[in-house]
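The values are calculated or read from the model by the stated rules, or taken from the named source; none is laboratory data. These figures come from a predicted structure and were not determined experimentally. Note: ideal-geometry Cβ built from the backbone for every residue, glycine included; neighbour counts use all protein chains shown. Please note that ligands, DNA and RNA were not included when accessible areas were found on the heavy atoms of the full protein model with its side chains. Shrake-Rupley method; radii C 1.70, N 1.55, O 1.52, S 1.80 Å.
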Amino acid sequence: MSYYFAIVGTQDNPLFEHEFGTSKQGGDGQSRFNEQVRHLNQFILHSSLDVVEEVQWAQGQMYLKVVDRFFNNYVSCFVTAGNVKFLLLHQPALPPGPPTSRSSTAIGANPTSPATEEAIKNFFAEVYENWIKAIMNPFYKVNMEVTSPVFRQRVAAAGRKYL
Amino acid sequence: MSNLSSSKGPGQEQSGLRLPSSGKTIYHRPLNRTRTAELSQASFAYLFGEMVSYAQRRVKGVNELEQRLNAQGHPLGLKLLDLLLFREPPRSQLRPLTIIALLHFIKQMLWTHLFGRQADRLEKSANPETPDEYMIVDNEPLVNQYISVPREMSQLNCAAFVAGIVEGACDGAGFPARVSAHTIRSPTNEEADLWPGRTVFLVKFRPEVLEREKYVKQ
């Protein structure tokens, strides 16, 4: 399972990005994107913004679950009160053989299962808390990139904890 | 996007960032605070007086001064929107989707957080030609309590700062608006004597907000 996480500002401008892999089921936390199509991750995330803008006005929840999918890439979204979008692209590792019943219990093996949704929700909730702390900085203006290494550590820790 | 991408690895942690000696950054501090954590009004009044005189430097008129006060408040509104919704219990952590929901949030949550009480009234413009205008009424704005406006600047209302906060909250929630503060006497005589500083915050939403409102309501 590989993840690509990005925070997109109100003008659809990228503010933060982080790539990681699963730490559950003995994962090493490294992403396993195919090198040849890895650069497409950014396109896939940004192309899902149109869908997000439709869904975000249909319900007031911040966590919008999986909003878009592109082949084996699933995009989950979280919209903050300030209209900043957290987008998480998750790509389940394709099983080498025919799928067995054991592999389907892993978080993320089935991207739309309730367990995965819950894990991603917890991840977003923790990132949101840190995001608010970042923007409460009096020197932070809307749509500025977040470059704090502490913030990056916190996001990485949330990824290790839940995904 | 790639140029802000991370150079991953442990080397990045040794950047030029300097931590306080305690090792605690803003990320270590909790976002929730106790209900009783109030600030001294005297120190606020002093600070606000300084903010007004700072904004007053090199301005040409009352309009420009109010604009500057508005700009000072704007980022506060943007940040409070996220902070106050985060402090809500998870079930009611809902983004405001309609104008009414947003204005209720401002009247109740935002006002209570800033001034310890709700705003006094919420009104929709009765004029059919301006359906995009809403009014938040505060009988006695806290920021104006120790402000005396000189006679030659009688148009000035320093609650333009609060208007900026409201405008920031509206903009952040995706309801772009212009908000201005006006001193308007109450229509009834008794109340007019009771609340001489009655201030009306005029919220004028952009046309696209009203257009979307029609679709969202369905």
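At-a-glance table
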{"item": "Mean ellipticity per residue at 222 nm, deg cm²/dmol - from DSSP H runs of n ≥ 4 across chain B, formula -39500 (n - 2.57)", "result": "-12000 deg cm²/dmol"}
{"item": "Cβ charges +1 (Lys, Arg) and -1 (Asp, Glu), total dipole of the protein assembly as shown, debye", "result": "1060 debye"}
{"item": "Extreme residue, positive dipole direction of region B:128-191, given options B:ASN189, B:VAL166, B:GLN145 (C-beta unit charges)", "result": "B:GLN145"}
{"item": "Nearest-10 value in Å² for the accessible area of A:TYR140, using the 1.4 Å probe", "result": "30 Å²"}
{"item": "Distance from region A:24-41 to region B:164-187 (C-alpha centre basis), Å", "result": "46 Å"}
{"item": "Acute angle (nearest 10 degrees) that the helix B:160-172 long axis makes with the longest principal axis of chain B, alpha-carbon atoms", "result": "50 degrees"}
{"item": "In order through region A:7-13: 3J(HN,Hα) via Karplus (6.51 cos²θ - 1.76 cosθ + 1.60), integer Hz, x for Gly, Pro", "result": "10, 10, x, 6, 9, 6, 9"}
{"item": "Residues in region A:1-24 reached by a label modelled at A:PHE70 [backbone nitrogen below 17 Å; 7 Å Cα→Cβ]", "result": "A:2-9, A:12-15, A:17-20"}
{"item": "Dipole magnitude of region B:39-217 about its Cα centre (Cβ charges: Lys, Arg +1; Asp, Glu -1), debye to nearest 20", "result": "420 debye"}
{"item": "Amide H contacts of A:LYS65 (H built 1.01 Å from N, under 5 Å, at least 5 apart or other chain)", "result": "A:CYS77"}
{"item": "Contact order relative to length of chain B, as percent, for alpha carbon pairs under 8 angstrom and 6 or more apart", "result": "21 percent"}
{"item": "Mean residue ellipticity (222 nm) of chain A, computed from DSSP H runs ≥ 4 via -39,500 (n - 2.57), nearest 500", "result": "-10000 deg cm²/dmol"}
{"item": "In range of the label at B:ILE100: residues from region B:181-210 whose backbone nitrogen is under 17 Å from the point 7 Å along Cα→Cβ", "result": "B:210"}
{"item": "Contact surface A-B: accessible area buried, both sides summed, square angstrom, 1.4 angstrom probe", "result": "3400 Å²"}
{"item": "Peptide ranges B:205-213, B:39-47 listed from the most packed, as the mean C-beta count within 10 angstrom indicates", "result": "B:205-213, B:39-47"}
{"item": "Exercise: per-residue mean of other protein chain Cβ atoms within 10 Å, A:76-83", "result": "6"}
{"item": "Relative contact order (percent, whole number), chain A, Cα cutoff 8 Å, 6+ residue spacing", "result": "26 percent"}
{"item": "Virtual spin-label span in nm between B:ARG178 and B:GLN145, 7 Å along Cα→Cβ", "result": "3.2 nm"}
{"item": "Other protein chain Cβ atoms within 10 Å, averaged over every residue that makes up B:77-88", "result": "5"}
{"item": "Test item: Cα-centred dipole of region B:47-90, Lys/Arg +1 and Asp/Glu -1 on Cβ, debye", "result": "200 debye"}
{"item": "Phi to ³J(HN,Hα) by Karplus 6.51 cos²θ - 1.76 cosθ + 1.60 over region A:118-129, Hz, x for Gly, Pro", "result": "5, 4, 5, 4, 5, 4, 4, 4, 6, 5, 4, 4"}
{"item": "Partner lysines for A:LYS161 [C-alpha distance under 25 Å; skip if fewer than 8 residues away on the same chain]", "result": "A:LYS24, A:LYS65, A:LYS85, A:LYS121, A:LYS133, B:LYS8, B:LYS24"}
{"item": "Percent RCO, i.e. relative contact order, over region A:1-65, from Cα pairs under 8 Å lying at least 6 residues apart", "result": "23 percent"}
{"item": "Potential extension, A:ALA157-A:TRP57 segment - 0.36 nm per residue separation minus Cα distance", "result": "32.9 nm"}
{"item": "Average partner coverage of B:165-178, which counts Cβ from other chains inside 10 Å", "result": "2"}
{"item": "Efficiency of FRET between B:ARG91 and B:GLN155 - r from beta-carbon atoms, R0 30 angstrom, step 0.05", "result": "0.10"}
